[in-house]
Amino acid sequence: MSNMYLISFGEIALKGENRPFFERILIQRMKQALKGFDNVRIQKTHGRIYCFADGAREDVISRLKKVFGIVAISPAYPCELEMNSIKEAALRAVKEVDYRGKTFKVETRRPNKSFPLKSPDVSREVGAYLLKNLEGLKVDVHHPDIEVDVEIRERGFVYCRRIPGPGGLPLGCNGRAVLLLSGGIDSPVAGYMMMKRGVEIEPVYFHSFPFTSDRAKEKVIELCKILAEYSGNMRLHVVNFTDVLKELGQKGPDELLTILMRRMMVRISQEIAARVGAKALVTGESVGQVASQTMEALSATDEVARMPIFRPVIGFDKVEIMELAKKIGTYDISIEPYADCCTVFVPEHPRTRPELDDVHEAEEKFDIEELVRMGMRDVELVDIKKVV
Ligand code: ATP
Ligand code: MG
């Protein structure tokens, strides 16, 4: 039999005229997330979404926990609009949680005024019934461990768990951006944060074989798979960056290599953005973390950008980024020790405060357009399938 879930979706409820648009995307994302479960039905009524699906509750919940826009998921127990049925549903709901030795209260909402009993009376009757039928449960109306919610609407249901969802906005309601995804800790977190704001992500990885091993590429693919748990299928663009790097390394001044490389990454990423209809770039840079992330270096990177570069972890400490990475599930993969091109090509004395004039002068030695073409020559597309 289908189980019922009540879905709360805080922020999108505030979106005024756009609300139907956000709700439609959210429902679409929920359906995608629940692919494989039988009898999935999703209904929308006054600021709430009801979801029905066959299958083990914990499995359904673990999928819904990765749908952006969902603030909370409550396993709900439907009932007839009739006291005996309400009591039975409440009993089933509480039996599902670890209630022994806990306190509880019943809270009733009754927008459906055709129901004869008033809310406080319903709460009282249900509370008494639970006390009689469950051992080790006590009442505490001020700070209960368990709040048993009875809702009497066009239909009736009871719930007592609120499992937090990821929050944010449904994926796809805010366009698309190219994520510069290295194998490090920061960029997957940056991608997650943008996805959480409803932005679809198109990841790009600059691969520099043989300076970086194919294992480094595998690592990025693994990271994409984790991100895909939240986003659904995605496509990774692997740029063959070796020739560009060699050129830069041969003709460019050592101390500006990092910044020249970053500028090339931005230029090439923009070409990819144009191909896929993305309107922004996303990186995992954070101020002051490494030589290439000073204010001056960041503006030297921005100078070549024709679209905004979002850096959602810009103000985070490393520790904070690491915590998020653990929560998302990317951390263990990120810390595997496979060098990326930035660590292989770190010059001995990188210029931390590059002057734009010097950067321009250094770039005069190159045919930049040609370098971009070189980078775009054999971009490998890797389809990342969401693993469930
Ligand atoms: P991360 O942990 O994300 O690797 P980081 O702190 O190591 O970041 P850098 O290596 O300087 O910092 O890279 C800064 C940002 O540039 C990365 O967060 C990522 O967005 C992008 N980047 C760096 N190297 C690559 C690469 N090989 N492919 C794609 N993007 C890259
Ligand atoms: Mg890195």
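The values are calculated or read from the model by the stated rules, or taken from the named source; none is laboratory data. This is a predicted model, so every value here is computed, not measured. Reconstructed Cβ throughout: ideal geometry from the backbone, glycine too, with neighbour counts over all protein chains shown. Heavy atoms of the whole protein, side chains included, go into the accessibility calculation; ligands, DNA and RNA do not. Shrake-Rupley method; radii C 1.70, N 1.55, O 1.52, S 1.80 Å.
Quick look at the values:
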item	result
Length gained when the stretch residue 370-residue 235 is fully extended (0.36 nm per residue, less Cα-Cα span)	46.1 nm
Equivalent ellipsoid, the stretch 259-303 (semi-axes from 5 times Cα gyration tensor eigenvalues, Å)	21, 11, 8
Dipole in debye (nearest 20) - the chain, about Cα centre, beta carbon charges: Lys, Arg +1; Asp, Glu -1	2240
Selection of trypsin sites (Lys or Arg not before Pro), the stretch 273-331, meeting DSSP coil and at most 14 other Cβ within 10 Å	279, 306
Equivalent ellipsoid dimensions for the stretch 155-228 as semi-axes, Å, which come from the Cα gyration tensor, largest first	34, 15, 9
Net lengthening on full extension, residue 100/residue 279 (0.36 nm per residue, minus Cα-Cα)	59.1 nm
Listed residues 265, 194, 295, most fluctuating in the chain (Gaussian network, C-alpha, under 10 Å)	295
Sum of side-chain charges, residue 273 neighbourhood, beta-carbon under 10 Å (Lys, Arg +1; Asp, Glu -1)	+2
Nonlocal Lys pairs with alpha-carbon distance under 29 Å, the stretch 258-388 (8 or more apart, or different chains)	12
Mean ellipticity per residue at 222 nm, deg cm²/dmol - from DSSP H runs of n ≥ 4 across the chain, formula -39500 (n - 2.57)	-12000 deg cm²/dmol
Accessible area per residue, Å², the stretch 1-76 with all protein chains present, probe 1.4 Å	47
Virtual paramagnetic centre 7 Å along Cα→Cβ of residue 41, amide N under 14 Å, in the stretch 48-89	50-54, 78-79
Carbon + sulfur, % of accessible area of the chain - ligands and nucleic acids excluded, 1.4 Å	50
Of 214, 149, 357, the one that fluctuates the most in a GNM where the chain has Cα springs shorter than 10 Å	357
Sequence-distant aspartates and glutamates (8 or more away, or on other chains) whose Cα lies within less than 16 Å of residue 35	54, 58, 59, 229
DSSP bridge pairs, the chain: antiparallel proportion in percent, nearest 5	55
Extreme residue, positive dipole direction of the chain, given options 195, 2, 276 (C-beta unit charges)	2
Fraction of antiparallel bridges per DSSP, the stretch 80-161 only, in percent to nearest 5	30
Debye equation applied to the C-alpha atoms of the chain, log10 I(q)/I(0) at 0.13 Å⁻¹	-1.01
Net lengthening on full extension, residue 319/residue 296 (0.36 nm per residue, minus Cα-Cα)	5.9 nm
Total lysine pairs under 24 Å (Cα atoms) in the stretch 80-161, excluding pairs fewer than 8 apart on one chain	18
